[in-house]
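The values are calculated or read from the model by the stated rules, or taken from the named source; none is laboratory data. The structure displayed is predicted, hence computed values, not measured ones. Ideal geometry is used to build each Cβ from the backbone, glycine not excepted, and the neighbour counts take in all protein chains shown. SASA here: full protein model, heavy atoms, side chains in, ligands and nucleic acids out. Shrake-Rupley method; radii C 1.70, N 1.55, O 1.52, S 1.80 Å.
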Amino acid sequence: MKERIISVKRVIVINALAIIVAALIAIFFHAIVPADVNLEDFDSIFVKLFGFPVVAVFYFVLLFLHCVIVMRYFGKRSSITKLQIGFRFGTVFAVLYLVGMQEVVVEASPFNEWGLAFVNYQFLMGISDAIPALLLCIVTAYFTLSKKNTSSSWQLLNLIEKIKVVALITITFLIARTVGYETGVIGSNIATFPIPTYLWTIVFGVVLGWCYTVLYPIFSSGQNKFLLSYKLVVLTIGINWIIFNSFIGLIFSGVMLQLLVRCGIDIAVLFITSIIIQKYFLKSDIHAS
């Protein structure tokens, strides 16, 4: 019993320190990105009450806390090696941030139009989130996951299945976003920058499909279709995507509801698509690692 208590304390201390360091690294990277940002434009009630630095720290701690929680909770129940678990979760979160940051929402940036300057700036902002997230997952997995996660067997997707997954998720995401753009349910720059908006939508659909295939082996063991989709899509990708997007709502007034609606539609579509994929498109065998 005593060893278990010490072990739990060790895990808590390592995770807490890792999250704080990752948040500080992300904030430092963001601070050195060259851009004409006027802090007075941040007019949310949270910024007015607590100040922008406090809001920024809270956001990154919350984002990275979720990364660690899902990585450890689901990773402990997987037979994959701990470094594989950390790398898979870390790369998924990193790519989500890197590509998600490129969404064509010009008014949330220091620029007035979409172009190379916007892309470069958003890339630097995305990499500032991606690198700490990747390192965080790898480090916490290595130092806090049990060594019992050794080479074993897990359910892998073959190349054809991966192509099916990515294609179907990309198509359904594109359809859902197109309906949202054209009806105005999802706020966008479709009227002023239609080609970049649709290009990003297609690319991000591919990214969501890729994320699904990367995380699938971790969640596939002993899961029914609904639970697998719920844990992988909603609890892991979904909540993280919502937290990631919420930063704009935390610093700008009157946009949080729109962000939640947008993310909610994204995750609902991905969840339904995942269930369809599980039921009709995947018939994987168990392969040795």
Item to check | Residue that is nearest to Ala108 (Cα to Cα), among those in segment 38-64 that are among the β-branched types (Val, Ile, Thr) and within 23 Å of the chain's Cα centre (by Cα) | outcome: Val55
Next on the checklist: Can you report the number of residues in segment 216-246 which are open to solvent by less than 20 Å² (accessible area, probe 1.4 Å), under 15 Å from Ile169 (Cα atoms) and either modelled with pLDDT of 95 or more or not in a helix (DSSP H, G or I) (or both)?
Outcome noted: 4
Item to check | Checking Gln258 against (1) open to solvent by less than 30 Å² (accessible area, probe 1.4 Å); (2) in contact with a Gly (Cβ under 9 Å, 6 or more places away or on another chain); (3) part of a helix (DSSP H, G or I), the condition it does not meet | outcome: (1)
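Does Phe193 satisfy being in contact with a helix residue (DSSP H, G or I) (Cβ under 9 Å, 6 or more places away or on another chain), modelled with pLDDT under 90 and buried (at least 17 other Cβ atoms within 10 Å of the Cβ)?
So Phe193 does not fit the description; no.
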Checklist entry - So how many residues does segment 55-107 have that are over 20 Å from Val233 (Cβ atoms), part of a helix (DSSP H, G or I) and open to solvent by less than 20 Å² (accessible area, probe 1.4 Å)? => result 7
Checklist outcome for this item: Scanning segment 154-167 residue by residue, those within 15 Å of Ile202 (Cβ to Cβ) and open to solvent by less than 40 Å² (accessible area, probe 1.4 Å) turn out to be Val166
Item to check | Residue check, Gly249 open to solvent by less than 10 Å² (accessible area, probe 1.4 Å), over 25 Å from Arg77 (Cβ atoms) and assigned to a helix (DSSP H, G or I) | outcome: yes
Item to check | Selection count, segment 168-189, where residues are open to solvent by less than 30 Å² (accessible area, probe 1.4 Å) and aliphatic (A, V, I, L, M) | outcome: 3
